[in-house]
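The values are calculated or read from the model by the stated rules, or taken from the named source; none is laboratory data. A quick note: this is a predicted structure, and the numbers were derived from the prediction, not measured. Neighbour counts run over all protein chains shown; Cβ positions are idealised from the backbone, glycine included. The area values use the complete protein model at the heavy-atom level, side chains included, leaving out ligands, DNA and RNA. Shrake-Rupley method; radii C 1.70, N 1.55, O 1.52, S 1.80 Å.
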Amino acid sequence: MITTSSQSLQKPSTFTAADEMSPRIRRLKERLYVDRYPLSIEKSRWQTQAYKASDGEPQIIRRAKSLACVLDNIPIFIEDDELIVGQGSAKPMGLELDFYAGLWPRDEIEGLREAGYDISPQEETEILDMNAYWQKFNPLPRLGEDASEEMWGFLKSGMVLPPWKSRTDGPGGGYAESGLGLGPGFYLMTVDFEVALQQGLLALISDAEKRLTAIEYAEKDALERAHFLKAAILSLRAIIGFAERYADLAQTMAAVEADPARRAELEAIAQICRRVPAHPARTFREAMQSFWFIFLMITPSPTASMGRFDQFMNPYFEADLANGRLSEEEALELLQCLRIKDMQLNRTSGKAARQKNAGMAKWHNMVIGGVTKSGEDATNPLTYLILEAVRRLPTAHHTVTLRVHDGTPEPLMKKALEVVKMGTGMPAFIGDRSYIAYLLDQGVPLEEARNYAIGGCLDVTLPGKSRTAAVGMFIVSMVLEATLLNGVVRRTGDAVGLSTGKFEDFKTFDDFYAAFKAQLRHFLKLHADKNNAELLISRELFPDPVRSVLMDGGLAEGKALLDRTYLLENGALLNMVGMINVVDSLVAVKKLVFEDRVVSQAELIQALDANWQGREDLRRRFLEAPKYGNGDDYADQIAVDLFDYWADVAASLRSCLGGAHKPTGISVSSQWPGGAQTGATPDGRFAGECLADGTMSAMRGRDLKGPTGLMNSAMKISQNRYQAALFNIKFHPSAMQSDEDLRKISFLIRTYFARGGKHVQFNVVSREILLEAQKHPEQYRDLLVRVAGYSAYFIQLGKAMQDEIIGRTAHTGAG
Amino acid sequence: MNRSPTSLVDTVGAGAAAPAACADRGVAGSIFNIQRYSIHDGPGIRTTVFFKKCRLRCLWCQNPESQQEQPELFFNAEKCIGCGRCEKVCPEGAITLRDGRSWTDRARCTGAGACVEVCPQGARSLMGRVASVDDIFQEVSEDAIFYQESGGGVTLSGGDPLAQPEFALAILKRCKEAGYHTTLDTCGFASWHAVETIMPYVDLVLYDFKHMDPDKHKQYTGFSNEPILRNAKGIHHELKVPMRARYAVIPGYNDGVENATALADFIANELDRSIPVDLLPFHKYGGAKYQRLERVDELADTSPPSEAALTALRDIFLSRGLTAKVGG
C-alpha cells in the first residue's frame, strides 16, 4: 500500500501551527510531570518468587515462568483519559527495579533517593534481601573474578565506562526501568512487529506447538529447541493473558463509569484488549494497542527500537481512513497517546552509569521515511502525521528519526525542520546512502539493506535480522595519555598498555603515531575480549524467549537471540568517545613538536602534567594549531586515517557470535565522564574538561567556519564503514526563521548525505535561554535539548552537562 | 583627479579624495571577514566576503569596523590587565598605560598589529587583513558543493565592494568562471565606469537606499544620493542586472512616511515594480563595535523600530504594487 509522493504532498497543508493538542492529551501530559518518582519492586518480587520455584529447570524455561508470573500478578491500572492501555510499572510514573545488570546495595538505594526516587524503608529491606538471592545471577563477578591482571587493570581504568570498583561488584549499582519484559536492556535491535500485528500471537503459539511435536530427537540440539519452544509458548500465552487482564479491568471500570463518553471508551478498550495481541489487528487502533503490548514486552530497554513504524502502520491507517472508521485527528490523538505511553516508561541506573547517559536517557527510536525495499520513496501520510504528533506534543520521548534519500520530498523535509525549529532536537536526520552502503559492504542483500531501522540512538539494525548485544563507551583520549606515558594509564597509574617507549625519545612524528596506533590496537583487543566475555555470560544467564521469537525465523530456528548468527551480524561493537580530541592533539603534536619544533617533548609533558598552569603561552599555541572541523586537510587527514584504522582493527577482532566487531561512533553523553577521567591533552584542553561531543562534531569552539566548514571535514571521513557516526550541530533560532531558511538547511542536509554523511541533528535554542534556564530551572521544566541521540530536559542534566551544552558553538546563519 | 583610462577607481560626489593606494594593488585587497553558511545575503547557501572600506559615513553604520581600508584595532577594555606588553612593541608609540589599562592613540595607530600578537589576554584584535584574490577564491570554493545543491554562491558585501572596484572585479570574474552565482551588496556610490565594468559578472544586486532627500543624504552619510539613484537606474535599465532593494529602517533618520513614500515611488516609477524590497530594521548589535573601536556611537540612544512601525512602512511599498517584506 504505497502512496505516491504527489498524494502525500497534500498532507502537511492540513495542519497549521494553530492546531494544538486536545484537552485529553493536555491532561495526560500534565500527569507526566511529577516531582518525585516512585520506585517499585513488584516485578522483582514476582520474578524472585518464580525463580525460587523453578530451581533446577532449564534457564530459558525459568525465564519464561518468571515473565508469566509477573504478567499474571503485577498490579495493573488504567488512567483517566487513556486510549492505549498497558503500564510498565505497578505504580504511575514508577520504575521497576531489576537485578540482572548488578545489585542494589544500601549506598545505591540512598543514591536513588537523592536523585528523586521514593523508596519506603520496608521496600529497602526487601531489596537488600533480594540482592542476596540475585547474587548468583549477577554477571559482574563472573567477569571480574576470572579476569586476568591485565583485564582487571583495564576494567579498573574506566577506559570503557564506567570504571570498575571491585572484581565482584563491577562499577556498582544495578538497573531500573519500567517495562515488563526480560532483560538485559542494552540490546540495539528491532523486533519484527509486523509478525505480531499481522498474524497475532495465537498463530505463533500454534506454530510453536506444531514444531514442538515435530521435533526429531535424533538431533544434537533437539532438547534445547524443545525448551526454547516451550518457553516461547509459555511467554506468548502470558502476554495474551496480560492483555485479557486489561480487558477485564476496562470492563469492570466501564460498569461503574458515570460519564457515558468515557464508558464507551472503556468498553472499546475492553474489546480491543480481548482481540489483540492474540489475533491479527484489523484497525489502526487495534494495531496501536497490539504494538504497545509488544513494546512493553521488549522493555525494560532504553534502546528498544520502534522500527519503521510509518511503514508497518500506514496500511491500517489508510484502510481506516478509506472506510471512514477513523479521522486524521483521531489518528493524531492516538499517535500522541503513544508518546505519552512512552513518557510513562521511567528509567534510571546505578550512580556510576547515570552520568554517561544523563537526563533519564532512552532511545526508543521510531524511524520514518527512507526508501521501500524496492527503492521507491517510502513517504506516506503517516510519515507526516508522526511529525505532526511531535509538533503538537513535543515531549522528550519517543525519539523520531527521519531517513533521507535523494527522493525524499521537500515538503517532508520542511515539515521535519518545522518540528526541529521548535527545539525538540527531533527528528534526527540520517542518510540512506551511507547506511545502505554500510550494509551492502557487510554482505546484506540490497532489498534487505533498504529496510534498515535504527537501534539505540543511531546504530543500524535490520528488523528481525540483527541484534547488537555488546557496546561500550571507549574513551580514546585515555589511550593517547597511555602512549605519552609509555603504557601507563594516567588515572590509575597501572601499566596496562604496551611499552612503546618514552615520549621524549621519539625522533619523528611517524614513530610516535605508530606507537599510538599500537596502543590503540592493544586496548581495543582488551575491549573486544570484555565484550565477548559479557556476551557469553549473558547468553548463559539471560536467554529471552520473547525477543527471540519475534526475530526472523525465530520459531523455525528454535534458538535464543545469542545462540544464532544473523543476516547482519553486528552483535558486538567498538564505539569511540573523544576521538576528535585525539585527532586535534596528534595534529598539534605533529605541527608544534615534530615539524616546527617550537616546543620540546619534555616541555609538553611538563605542561600537560601541570594542566597548563604557568604555560598559558604554550596552551595558546596548541589551541591555535590546525583543528578538525574547519575543512583543513592538514588536520583532517589524521582524522581520516584514524577512523579507517579503527574500522580496520574492529574488522580484525572476532565476535563470539560470529563475524567481527563492528565500528561505531555514538558518544551519548560519555564525553563528560570520559573527559573527567582524562588529564590535560595537547589539543589545549584542560584536565577533566569535557571531551568533544558526538563523533563527527568538532571540539567545542574549535570549528570556526560554520556548519559547511565542519561538514567539509566530516565528509572526508569514510563514514560508510561505520554503523553510526553522530554529528550534532547547534543552531541559533535566528538561522531557522523563514521557510527559505528551512529550505537552506534542507540543502545543507542533502549535500552532506549525498557525500557520505551519515547523521545530523540540530539543537535549536539560544544561549540566553539556556543561561536563563540554569538560573531559574523552575520556569523551564519542559525545556528540551538534544544531548546525543536523545532529547533530555535541560534542568534534569547536571551543571557540567548544562555548561557543555551552552558552550557548544551556536551556528548563526549570517545576515 | 588621478584617473587613468584603465582604472576603475574614480571619484564621485564633491570633494572626495581618490584612493590612489588601491589602484596599484592589482589582485589583492582588504577584507575583514569571510562568512560561510551565509543565508540572508542572496539565494541558497552562500559565502559572503566582507570588504573593508566604504566611501559613505552613515551615522548609523552597523559595521563601523568596515569603513577604513586599513586594518583597525578592536580593543576590549574589560579584558585588559594593564601589563604593558603592547606599549613596548607598538612601532608608532601609540600606546600608553594609565589607570591600570592601555590606551591607544587612534590617530597614530596604523593597524600594524604588533600589540595583538603580544597581548596575553586576547584583549586586542585586528579587524581587517589584506587578502589576495587567490586566497579568497580558495576559501569560497570550499563550499562549492553546497552552492550546487542549493543554488547558492558568493556574495560580496562590506563596507562597500565598489570602493575597491578592481579587487571586486577580479573576485567576481573568478567566481563566474567557476560557475558560482554572484551577488553584490552595495550602496551604489561609485563611478558609472566602475559599475558598468563590474555588473556583467554580477547575477544579483542587493542595492541599499539610505535616504531619498539629497540634503538629508549628505547630512547623514557625507554625500548626496544623486550618483546612487543614477546608478540604480542604469543598473536596472541599461545593464539589466536583477536587483533587490534594501531599506535599512533607522528610527528618527529615514523612517518617515515621506521618505518611505519617495523610495517606493522611485522604485515603482523610476525602476520597476518587479524589484522586491527588504526592510531591514535597525538593531543594536553595532553598539559594541563602536566601543571596541573606541568611537562614539551616534545612535546609542536609538531603539529598534516597532513591529507596527515596520508594518506601516511595508504597507507603503505594498500600496505601490511592490513586493516588500521585513527582514533580509
| query | In deg cm²/dmol, rounded to 500, what helix-only [θ] at 222 nm does the protein assembly as shown give when every DSSP H run of at least 4 residues adds -39500 (n - 2.57) and the total is split over its residues? | reply | -12500 deg cm²/dmol
| With a sphere of radius 10 Å drawn around the Cβ of B:Arg106, what net charge do the other residues whose Cβ falls strictly inside it have (Lys, Arg +1; Asp, Glu -1)? | -1
| Inter-centroid distance (Cα atoms) of segment A:596-634 relative to segment A:298-331, Å | 54 Å
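For the ranges B:272-283, A:247-258, what's the packing order if you count other beta-carbon atoms within 10 Å of each residue, average per peptide, and put the highest first?
My ranking of the peptides, most packed first, is B:272-283, A:247-258.
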| How would B:His40, A:His776 rank on accessible area, largest to smallest, probe 1.4 Å? | A:His776, B:His40
| said: At 1.4 Å probe size, what's the solvent-accessible area of A:Lys373? Round to the nearest 10 Å². | reply: 80 Å²
| message | Cross-link candidates for B:Lys210: which aspartates and glutamates have Cα within less than 17 Å, leaving aside residues fewer than 8 places away along the same chain? | response | B:Asp160, B:Asp185, B:Glu226, B:Asp255, B:Glu258, B:Asp265, B:Glu270, B:Asp278, B:Glu298
| message | Tell me the per residue accessible area of the protein assembly as shown using a 1.4 Å probe; a whole number in Å² is fine. | response | 35 Å²
| request: Report the accessible area of B:Asp99, computed with a 1.4 Å probe over the heavy atoms of all protein chains in place, in Å² rounded to the nearest 10. | output: 130 Å²
| remark: With every protein chain kept in place and a 1.4 Å probe, the residues B:Lys173, A:Lys590 fall, from largest accessible area down, as B:Lys173, A:Lys590
| note | One finds the C-alpha centres of segment A:511-560 and segment A:76-153 to be spaced, in Å, by 24 Å
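Is the C-alpha gyration tensor of segment B:78-127 telling us rounded, prolate or oblate? Criteria: a/c under 1.5 is rounded; beyond that, a/b larger than b/c is prolate, otherwise oblate.
Oblate, since a/c reaches 1.5 and b/c is not below a/b.
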| note | Once normalised by the length of segment A:474-728, the mean sequence separation of its alpha carbon contacts under 8 Å that are 6 or more apart gives a contact order in percent of 23 percent
| field | Computed accessible area, A:Val488, all protein chains, 1.4 angstrom probe, square angstrom | value | 40 Å²
| query | Over chain A, what is the relative contact order in whole percent, taking alpha-carbon pairs under 8 Å and six or more residues apart? | reply | 14 percent
| task | Report ³J(HN,Hα) in whole Hz for each residue of segment B:139-147, in order, from the Karplus equation J = 6.51 cos²θ - 1.76 cosθ + 1.60 where θ = phi - 60°; Gly and Pro get x. | result | 5, 5, 6, 4, 9, 3, 5, 6, 5
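Can you give the FRET efficiency to the nearest 0.05 for B:Ser303 and A:Gln613, using r as the Cβ-Cβ distance and R₀ = 41 Å?
So, using R0 = 41 Å, E works out to roughly 0.35.
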| said: Give me the one-decimal nm value for the distance between modelled label points at A:Asp146 and A:Ser327, 7 Å along each residue's Cα-to-Cβ direction. | reply: 6.2 nm
| Taking every residue in B:30-41, how many Cβ atoms of other protein chains lie within 10 Å of its Cβ, on average? | 6
| note | Ranked output for segments A:690-696, A:327-333 by mean other Cβ atoms within 10 Å, highest leading, reads A:690-696, A:327-333
| said: How high is the relative contact order of chain B? Use alpha-carbon pairs under 8 Å, at least six apart in sequence, and give a whole percent. | reply: 18 percent
| note | In short, segment B:145-166 residues buried by 50 Å² or more of accessible area relative to the isolated chain (1.4 Å probe) are B:Ile145, B:Phe146, B:Glu149
| note | Summed over the other residues with a beta carbon less than 13 angstrom from that of B:Ala144, with K and R at +1 and D and E at -1, the charge totals -1
| field | Largest to smallest accessible area among B:Ile34, A:Ile368 [probe 1.4 Å] | value | B:Ile34, A:Ile368
| query | Can you give the net charge of the other residues whose Cβ lies under 9 Å from the Cβ of A:Ala698, counting K and R as +1 and D and E as -1? | reply | +1
| request: Over the whole of A:699-706, what's the average partner chain Cβ count within 10 Å per residue? Rounded to a whole number, please. | output: 2
| Want the number for A:Ala132 to A:Ser120: 0.36 nm per residue separation, take away the alpha-carbon distance, what's left? | 2.4 nm
| note | Taking the alpha-carbon centre of each part, the distance from segment A:166-212 to segment A:737-758 in Å is 38 Å
| task | Please report how many Lys pairs in segment A:474-728 have alpha carbons closer than 25 angstrom, counting only residues at least 8 apart along the chain or sitting on separate chains. | result | 29
